[in-house]
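Asks: Please read through the structure below; I'll follow up with questions.
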Amino acid sequence: MTSSDLPFQPAPEELLIKPSFSSGSSSDAGLAPLLLTVIELVRQLMEAQVIRRMEAGELSDRDLERAADSIRQLEEQVLKLCDFFDVDPADLNLDLGEFGTLLPKDNSYYPGESSANPSILELLDRLLHTGVVVEGDVNLGLADLNLIQAKLRLVLTSRPLSSLPAPTLREQASLGPAKDS
(Lines give C-alpha, C1' and ligand atoms only; values in the text may rest on other atoms or scores of the structure.)
Protein backbone atom coordinates (compact mmCIF):
# COMPACT_ATOMS: atom_id res chain seq x y z
CA MET A 1 0.00 0.00 0.00
CA THR A 2 1.40 3.39 -0.95
CA SER A 3 0.76 6.72 0.74
CA SER A 4 -1.57 7.69 -2.11
CA ASP A 5 -3.78 4.66 -1.29
CA LEU A 6 -4.44 5.97 2.24
CA PRO A 7 -7.43 8.21 2.98
CA PHE A 8 -7.01 11.86 3.99
CA GLN A 9 -3.48 12.70 5.11
CA PRO A 10 -2.98 15.99 6.96
CA ALA A 11 0.18 17.92 6.25
CA PRO A 12 2.79 17.60 9.05
CA GLU A 13 2.33 21.26 10.06
CA GLU A 14 -1.40 20.59 10.59
CA LEU A 15 -0.57 17.94 13.19
CA LEU A 16 1.13 20.46 15.48
CA ILE A 17 -0.90 21.87 18.34
CA LYS A 18 -0.43 25.61 18.48
CA PRO A 19 -1.39 27.32 21.74
CA SER A 20 -3.54 30.42 21.60
CA PHE A 21 -2.82 33.26 24.00
CA SER A 22 -5.24 36.03 24.75
CA SER A 23 -2.60 38.69 25.30
CA GLY A 24 -0.77 38.15 22.04
CA SER A 25 2.11 36.08 23.43
CA SER A 26 4.35 34.34 20.96
CA SER A 27 2.92 31.18 19.43
CA ASP A 28 6.52 29.99 18.98
CA ALA A 29 6.60 29.13 22.70
CA GLY A 30 5.18 25.65 21.98
CA LEU A 31 4.40 23.69 25.13
CA ALA A 32 6.19 26.16 27.43
CA PRO A 33 2.98 27.97 28.48
CA LEU A 34 1.30 24.68 29.40
CA LEU A 35 4.33 23.52 31.37
CA LEU A 36 4.60 26.90 33.12
CA THR A 37 0.89 26.72 33.98
CA VAL A 38 1.35 23.29 35.60
CA ILE A 39 4.44 24.51 37.50
CA GLU A 40 2.52 27.57 38.75
CA LEU A 41 -0.40 25.38 39.87
CA VAL A 42 1.95 23.10 41.81
CA ARG A 43 3.82 26.10 43.27
CA GLN A 44 0.58 27.61 44.55
CA LEU A 45 -0.56 24.24 45.95
CA MET A 46 2.73 23.94 47.84
CA GLU A 47 2.37 27.50 49.11
CA ALA A 48 -1.14 26.70 50.39
CA GLN A 49 0.17 23.61 52.20
CA VAL A 50 2.98 25.65 53.81
CA ILE A 51 0.40 28.17 55.02
CA ARG A 52 -1.81 25.40 56.42
CA ARG A 53 1.11 23.81 58.27
CA MET A 54 2.35 27.18 59.53
CA GLU A 55 -1.08 27.99 60.96
CA ALA A 56 -1.28 24.54 62.58
CA GLY A 57 2.12 25.15 64.23
CA GLU A 58 3.67 22.18 62.41
CA LEU A 59 6.67 24.06 60.99
CA SER A 60 9.71 25.29 62.86
CA ASP A 61 10.88 28.83 62.13
CA ARG A 62 13.78 27.36 60.15
CA ASP A 63 11.49 25.12 58.06
CA LEU A 64 9.10 28.00 57.43
CA GLU A 65 11.95 30.25 56.29
CA ARG A 66 13.35 27.56 53.98
CA ALA A 67 9.91 26.85 52.48
CA ALA A 68 9.17 30.56 51.96
CA ASP A 69 12.56 31.10 50.28
CA SER A 70 12.03 28.10 48.00
CA ILE A 71 8.54 29.20 46.99
CA ARG A 72 9.78 32.74 46.32
CA GLN A 73 12.67 31.42 44.19
CA LEU A 74 10.34 29.15 42.23
CA GLU A 75 8.00 32.08 41.59
CA GLU A 76 10.95 34.16 40.34
CA GLN A 77 12.01 31.34 38.01
CA VAL A 78 8.49 31.03 36.60
CA LEU A 79 8.47 34.78 35.90
CA LYS A 80 11.90 34.57 34.24
CA LEU A 81 10.73 31.69 32.04
CA CYS A 82 7.57 33.60 31.14
CA ASP A 83 9.78 36.47 30.04
CA PHE A 84 12.10 34.14 28.10
CA PHE A 85 9.20 32.46 26.24
CA ASP A 86 7.31 35.76 25.82
CA VAL A 87 4.33 34.49 27.82
CA ASP A 88 2.24 36.90 29.86
CA PRO A 89 2.07 35.50 33.44
CA ALA A 90 -1.65 36.37 33.47
CA ASP A 91 -2.10 33.76 30.71
CA LEU A 92 -1.05 31.01 33.13
CA ASN A 93 -4.51 31.17 34.69
CA LEU A 94 -6.69 29.17 32.35
CA ASP A 95 -10.43 29.78 32.12
CA LEU A 96 -12.01 26.34 32.12
CA GLY A 97 -15.54 27.49 31.29
CA GLU A 98 -18.15 25.99 33.60
CA PHE A 99 -15.40 24.60 35.84
CA GLY A 100 -14.13 28.10 36.61
CA THR A 101 -10.51 29.13 36.50
CA LEU A 102 -7.44 27.05 37.18
CA LEU A 103 -5.96 29.56 39.63
CA PRO A 104 -7.72 32.07 41.86
CA LYS A 105 -8.20 35.49 40.32
CA ASP A 106 -6.07 38.28 41.80
CA ASN A 107 -4.43 35.90 44.32
CA SER A 108 -7.64 36.06 46.32
CA TYR A 109 -7.42 32.55 47.84
CA TYR A 110 -6.25 31.87 51.37
CA PRO A 111 -6.13 28.22 52.52
CA GLY A 112 -8.97 27.27 54.80
CA GLU A 113 -11.29 30.03 53.62
CA SER A 114 -14.11 29.20 51.25
CA SER A 115 -15.20 31.27 48.29
CA ALA A 116 -18.37 31.46 46.22
CA ASN A 117 -16.64 30.34 43.00
CA PRO A 118 -13.66 28.18 43.95
CA SER A 119 -10.87 27.68 41.43
CA ILE A 120 -9.39 24.29 40.58
CA LEU A 121 -6.43 25.21 42.82
CA GLU A 122 -8.78 25.73 45.77
CA LEU A 123 -10.51 22.40 45.16
CA LEU A 124 -7.18 20.57 44.89
CA ASP A 125 -5.95 22.25 48.08
CA ARG A 126 -9.07 21.08 49.94
CA LEU A 127 -8.60 17.54 48.61
CA LEU A 128 -4.96 17.53 49.68
CA HIS A 129 -5.87 18.82 53.13
CA THR A 130 -8.69 16.31 53.63
CA GLY A 131 -7.26 13.42 51.64
CA VAL A 132 -9.03 11.21 49.15
CA VAL A 133 -8.63 7.72 47.70
CA VAL A 134 -9.82 7.12 44.15
CA GLU A 135 -10.11 3.63 42.74
CA GLY A 136 -10.98 2.67 39.23
CA ASP A 137 -10.60 0.36 36.30
CA VAL A 138 -9.38 1.57 32.94
CA ASN A 139 -9.91 -0.47 29.80
CA LEU A 140 -8.41 0.77 26.55
CA GLY A 141 -9.09 -0.85 23.25
CA LEU A 142 -10.30 -0.54 19.74
CA ALA A 143 -12.52 -2.50 17.39
CA ASP A 144 -14.39 -3.92 20.40
CA LEU A 145 -11.16 -5.46 21.74
CA ASN A 146 -9.93 -4.64 25.25
CA LEU A 147 -6.19 -4.34 24.73
CA ILE A 148 -5.03 -2.68 27.94
CA GLN A 149 -6.58 -3.11 31.37
CA ALA A 150 -5.46 -1.29 34.51
CA LYS A 151 -6.67 -1.19 38.10
CA LEU A 152 -5.80 2.11 39.67
CA ARG A 153 -5.69 3.33 43.25
CA LEU A 154 -4.71 6.96 43.76
CA VAL A 155 -4.09 8.42 47.21
CA LEU A 156 -4.07 12.21 47.28
CA THR A 157 -3.14 13.77 50.62
CA SER A 158 -0.73 16.32 52.04
CA ARG A 159 0.11 14.05 54.99
CA PRO A 160 2.44 11.06 55.07
CA LEU A 161 0.30 7.92 55.01
CA SER A 162 2.09 6.57 58.09
CA SER A 163 0.87 9.57 60.12
CA LEU A 164 -2.82 8.89 59.48
CA PRO A 165 -4.73 7.11 62.26
CA ALA A 166 -6.41 3.81 61.37
CA PRO A 167 -8.96 3.21 59.91
CA THR A 168 -8.41 5.99 57.43
CA LEU A 169 -6.80 6.68 54.12
CA ARG A 170 -3.79 4.59 55.19
CA GLU A 171 -5.86 1.39 55.16
CA GLN A 172 -7.68 2.38 51.98
CA ALA A 173 -4.34 3.11 50.33
CA SER A 174 -2.71 -0.19 51.24
CA LEU A 175 -1.15 -2.00 48.34
CA GLY A 176 -3.37 -5.03 48.85
CA PRO A 177 -6.02 -6.02 46.32
CA ALA A 178 -8.73 -3.48 45.64
CA LYS A 179 -12.19 -4.33 46.91
CA ASP A 180 -14.52 -5.54 44.19
CA SER A 181 -17.93 -3.90 44.30
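Asks: E65 accessible area, nearest 10 Å², 1.4 Å probe?
Replies: Roll a 1.4 Å probe over it and E65 shows about 120 Å².
Asks: When the convex hull of the C-alpha atoms of the stretch 26-130 is computed, what volume per residue in Å³ does it have? Let's see the in-between values first.
Replies: Working: hull volume 10.4 nm³, N = 105.
In the stretch 26-130, the Cα convex hull volume per residue is 99 Å³.
Asks: Between L31 and A90, what FRET efficiency follows from the Cβ-Cβ distance if R0 is 25 Å, with the result rounded to 0.05? The partial results should precede the final answer.
Replies: Working: r = 19 Å, r/R0 = 0.75.
So the FRET efficiency works out to roughly 0.85.
Asks: Another one. Simple spin-label model, 7 Å along Cα-to-Cβ: K80 to R153 in nm?
Replies: Spacing of the two 7 Å Cα→Cβ label points: 4.2 nm.
Asks: Pulled fully out, how much extra length does the chain show between M54 and A68, if you take 0.36 nm times their separation in residues and subtract their Cα-Cα distance?
Replies: Numbers: separation 14, 0.36 × 14 = 5.04 nm, distance 1.07 nm.
This chain segment gains 4.0 nm when fully extended.
Asks: Based on the alpha-carbon gyration tensor of the stretch 51-110 and its eigenvalue square roots a ≥ b ≥ c, which shape applies: rounded if a/c is under 1.5, prolate if not and a/b is larger than b/c, or oblate?
Replies: Values: a/c = 4.26, a/b = 1.44, b/c = 2.96.
Verdict is oblate for the stretch 51-110.
Asks: Might you work out the accessible area of K105 for me, using a 1.4 Å probe with all protein chains in place, and round it to the nearest 10 Å²?
Replies: Its heavy atoms expose roughly 130 Å² to the probe.
The values are calculated or read from the model by the stated rules, or taken from the named source; none is laboratory data. Everything numeric here is computed off the predicted structure, so don't read it as measured data. With ideal geometry, Cβ positions are generated from the backbone for all residues, glycine too; neighbour counts draw on all protein chains shown. Note: accessible area is taken over every heavy atom of the protein model, side chains too, but ligands, DNA and RNA are not part of it. Shrake-Rupley method; radii C 1.70, N 1.55, O 1.52, S 1.80 Å.
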